[in-house]
Amino acid sequence: MKNTCPLLLALIVIGPMPVSPQTLREAANQRGVKIGAAIAPAHLGETEYAATAAREFNQVEPENAMKFGPIQPGPQTFNWAPADVVVAFAQQHGMAVRGHNLVWHRQNPGWITSGHFTADQLHSILQDHITKVVIHYHGQIYAWDVVNEAFNADGTLRSTIWADSPGIGMSGTAYIEQAFRWAHAADPKALLFYNDYDAEVMNAKSDSIYRMAKDFKARGVPLDGIGLQMHFKLDETRFASMEANIKRIAELGLQVQITELDVRIPVGPSGEASAADLRRQADVYRNAAEACLKFPQCTAIQTWGFTDKYSWIPHEDPGFGAGLEFDTNYRPKPAFYALLDALRTR
Ligand code: XIL
């Protein structure tokens, strides 16, 4: 040992020093949770887009490709290819896939929205849609957003083509329950989620979702978790209330997943944001991730996209943007380091 260099000696005696994870994916793997991003198949041909997604995430979800309109553009026409590209990319890189979504009031195809169907017809159309889509991805999608955004801010049920205009002929939350039962029949192993926005904290909407979830659990409806979208602004400070809401869902024996996190900030004409806002944005990312990760039932954190180059925010809310954890050049932002830190900390 006389001539052994001290570093080698240290390695022999104490073993290699644990290396702190440098990517979101490594940190999430060490912790045993999923870190995901919504992605668009059209961008996967861009080297930096694909490389960043594969390096940083162990889960993906198609941002639009599995929605009713895109995936079933005609009564007998299924457009599987774009969504299949996302699933193949995930498989190639050992990533889990979340499916989004089976029942929603937006992005439905024209043949349905202008079809003047009766409730009976819509009942069959929805059963057929859910069954065929879930079977197509049987065993390849570990979790589905079965029903998306079914409640209003005041906690009442949203009036939609599936609920009551004309609906599928089932009153109250029965149509939601039916959708979960159809999805479960098509892939009994897939985890089934109800997903919504502005229901992260204790409020009228999250109260209604909680009541529905409690009722579903009591009656054995196949509901496995609640997705909290988390489309936030900088003024999001209600993290204690968020924790209380996550706690009550977890206590029902359900999982909680952050499904669509982004934090929009004011931007200039070319998308630039102030350094102060980017720091405040990072705080929202950190607090949201920490609120969820406090609970073992919090099994995934996913952002709605990952690069500011491609984000729905500037289209949805002109004057705002820069909501994600990578900038338009795929450089990590303060929000990235906040997420990484939250994932590393126990
Ligand atoms: C958005 C997409 O990001 C946009 O590209 C599309 O034009 C509209 O839908 N809640 C959801 C997502 O559940 O499906 C939405 O995605 C954003 C809000």
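Any read-out appearing in this document is the output of simple, stated calculations on the displayed coordinates, not a laboratory observation. Everything numeric here is computed off the predicted structure, so don't read it as measured data. With ideal geometry, Cβ positions are generated from the backbone for all residues, glycine too; neighbour counts draw on all protein chains shown.
What the table shows:
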{"item": "Fraction of beta bridges assigned by DSSP in the chain that are antiparallel (%, nearest 5)", "result": "10 percent"}
{"item": "Gaussian network model of the chain, Cα within-10 Å springs - most flexible of A276, A244, A83", "result": "A276"}
{"item": "Cβ-based net charge around L293, under 12 Å, with every Lys or Arg adding one and every Asp or Glu removing one", "result": "+3"}
{"item": "Distance between the range 101-175 and the range 177-228 - C-alpha centres, whole angstrom", "result": "14 Å"}
{"item": "Candidate lysines for bridging to K67, where Cα separation is under 26 Å - those fewer than 8 sequence places away on the same chain excluded", "result": "K34, K132, K189, K205, K233, K309"}
{"item": "For the chain: Kirkwood Rh in Å [reciprocal of mean 1/r, alpha carbons]", "result": "21.1 Å"}
{"item": "For the chain, calculated [θ]222 nm from helices alone, where every DSSP H run of n ≥ 4 adds -39500 (n - 2.57)", "result": "-12000 deg cm²/dmol"}
{"item": "q = 0.14 Å⁻¹: log10 I(q)/I(0) that the Debye formula gives for the range 24-106, counting C-alpha atoms only", "result": "-0.49"}
